[in-house]
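Have a look at the structure below before the remarks.
Each reported figure results from applying straightforward, stated rules to the coordinates on display, with no laboratory input. Since the model is a prediction, treat every value here as computed from it, not as a measurement. Ideal geometry is used to build each Cβ from the backbone, glycine not excepted, and the neighbour counts take in all protein chains shown.
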Amino acid sequence: MTKIGIVGFGYWGKNLVRNFNNLEDCTLEYVCEKNEELVSKCKQMYPAVHVVSDYNLLLKDKSLDGIVIATPVDSHFELAKLALENNKHVLVEKPLTDSLDKAKQLQALSESKGKVLMVDHTFLYTGAIRYLKKHLEQGEYGKINYIDSTRINLGLFQHDVNVLWDLAPHDISIVSYLTGKRPTSLQATGISHTDNGIENIAFLTLKYDDKLIVHFNCSWVSPVKMRQMLIGGDKKMVVYNDMEPTEKIKIYDTGFKVRSDQEKKMFIADYRVGDIYVPKVPMTEALSLMAEDFISAINGESTPESNAQLGVDVVEILEKAELSIKNNGQEVSLN
């Protein structure tokens, strides 16, 4: 039986605790939390779990196989580094770290220790994204020309990271997972409407060597909440709307073809508008599948979908996007 400890019982930590506690092939041994109110709540909900405030208790317990970290991003590096140094497998809430250098250090340490380092990019485990991955790989939508993603809402303003670091990891990881491609460059712009100078609206564009272009719109100051992604293939186009309770994916048999008119020395676009198909996708809880993936990786049964390399790639894009913003939208290479 795989033994797990979780650090943090806050907004996201409580969801991780619930899912790991429900796994049949896993024992949740510890929850580490310093907030007294949350400690009391956790003890009431999970009386069989050791609820402690001292992280060293988890590190020194040689029977503990893995540690799950659900704390603010600025604490990820130190907590994960200590866990790996003490021969624990590690799962970290997204993003992996707050800098590329730290992310690479953790990746190298996990490899030298022979331990799993995984990042909780939960959306990779949703039925909708897995459906899209399968059918993209089968070529049903043709060559993907563009992806346009919108993730906006009103709040919550973060005190330590800008809106891209907060919201974009979800969609960057989704695009990386779906396409299996690495962008060659990026450009980002953003603006802060608060005194702390942290951008609350930002736009990020990724460019690829095969003419694929990906755009992200992230905001904490929208009057409506939107979680939508448009995928444009040369055979079919897809709308993925995570806010839809059931019809999360709509596939449009829509496209265009361009032909040249030699006499008029111009090109002509022929448009095709066909049927709309709404597939049925599994509605299983993504966080439960993510937790199972971590346990499976610890036991050597598989390589996690949301692995360390993906975590490093996401952090690199975020760090260089921030650099682009500070340089007024300058294009930054990702070579």
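A few comments on the model shown:
- Under 5 Å between amide hydrogens, built in the peptide plane, is the criterion, and for M118 it picks out V90, L91, V92 among residues at least 5 positions away or on other chains.
- Dipole of the range 195-311 [Lys/Arg +1, Asp/Glu -1 at C-beta], most positive-end residue of M237, M226, F256: F256
- With the highest mean first, a sort of the peptides 301-310, 116-125 on other beta-carbon atoms found within 10 angstrom per residue produces 116-125, 301-310.
- The label point for N196 and the one for L82, both projected 7 Å from the Cα toward the Cβ, are 2.4 nm apart.
- Among 27-33, 68-74, sorting by the average number of other beta carbon atoms lying within 10 angstrom of each residue, highest first, gives 27-33, 68-74.
- Close amide-amide hydrogen proximity is noted between V52 and V31, C32, E33, each under 5 Å apart and 5 or more residues distant or on a separate chain (H modeled in the peptide plane; Pro and chain starts excluded).
- Placing pseudo-labels 7 Å out from each Cα toward the beta carbon at S288 and K257 gives an inter-label distance of 4.6 nm.
- Each of (i) 21.6, 81; (ii) 20.9, 67; (iii) 24.7, 87 is a candidate for Rg and Dmax of the Cα atoms in Å; the one calculated from this structure is (i).
- Pairwise FRET efficiency - D210 versus I276, Cβ, R0 = 22 Å, nearest 0.05: 0.20
- Each stretch of four or more DSSP H residues adds -39500 (n - 2.57); spread over every residue of the chain, this sum gives -10000 deg cm²/dmol at 222 nm.
- Dipole of the chain [Lys/Arg +1, Asp/Glu -1 at C-beta], most positive-end residue of Y46, V312, G329: G329
- Between I295, V214, G13, the Cα set farthest toward the positive side of the dipole of the chain (charges on each charged residue's Cβ, about the Cα centre) is that of V214.
- In this calculation the C-beta distance from M226 to R18 is compared with R0 = 41 Å, giving a FRET efficiency of 0.90.
- Each of Y146, Y55 has some number of other Cβ atoms within 10 Å of its Cβ, and from fewest to most they run Y146, Y55.
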